[in-house]
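Let me begin by presenting the structure, written as structure tokens, before commenting on it.
None of the figures in this text is laboratory data; all of them are computed from the coordinates on show. Keep in mind the model is a prediction, meaning the values are calculated, not measured.
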Amino acid sequence: MQLLQFIKTVYQNYFELACFMGSSIIILLAIFMDYYLGLDACPMCIMSRYAFGLIAFWSLIGFFFKNIAIVTRFFVIASGLGGIAITGKQVYLQNLSAEEISNLAASCGMPLSTQIDYFGLIGGIANAYKGGPTCAEENWRFIFNFAEWGLLFFIIISIATLVKIGKK
């Protein structure tokens, strides 16, 4: 019962700070997994980190500037929807059959920064979003894989922010 009361208090009084901290911890965990566990992030994983970074940024702005919280919450929802699109596509790719994966273009083979350098910002992101065999790999799992956890968090953050807007 105390845990539910704590969650309710955080949601009512420190929502933006909790979103900032949660998104930042997810980014730090992903970086830790890259450098210390030797996992290589695919371009879609990098794009989902940017979506979490946008959520953290807008949440922090909303925390410090309460008078524009409604605006920053809409940006959090937009970032969350972008994250849902990215991680949803990655989860879809990870659930394809081996034959379907082998038929994918190699859009995920190049690092995101290289794709942006070569195709420009929009073209690089669009090319990386197409996915490929590298983005369909599943290197890590704890109940869910990292893309599935990301999708779950994006959905929770988006719905919680939407409910927060609706209560104003």
Exercise. What are the residues whose amide H is under 5 Å from the amide H of residue 132, where those residues sit 5 or more places off or on another chain and H is modelled from the backbone?
Worked result: 108
Exercise. Over what distance in Å are the Cα centres of the range 29-59 and the range 98-156 separated?
Worked result: 12
Exercise. With axes computed from alpha carbons, what is the tilt in degrees of helix 43-64 against the longest principal axis of the chain, rounded to the nearest 10 within 0 to 90?
Worked result: 10
Exercise. Angle, helix 2-13 long axis vs. longest principal axis of the chain, Cα atoms, 0 to 90°, nearest 10?
Worked result: 90
Problem set entry | Residue-wise HN-Hα coupling along the range 73-80, computed from phi with Karplus coefficients 6.51, -1.76, 1.60 (Hz; x: Gly, Pro) | 5, 5, 5, 5, 5, 4, 5, x
Exercise. To the nearest 10 degrees, how steep is helix 15-36 against the longest Cα principal axis of the chain, on a 0 to 90 scale?
Worked result: 30
Problem set entry | For the range 153-164, 3J(HN,Hα) per residue [Karplus equation, 6.51 cos²θ - 1.76 cosθ + 1.60, θ = phi - 60°, Hz, x = Gly/Pro] | 5, 4, 5, 4, 5, 5, 5, 4, 5, 4, 5, 4
Seminar exercise, completed: For the range 143-150, in residue order, the Karplus 3J(HN,Hα) values (coefficients 6.51, -1.76, 1.60; θ = phi - 60°; whole Hz; Gly and Pro = x) are 6, 10, 8, 5, 5, 5, 4, x
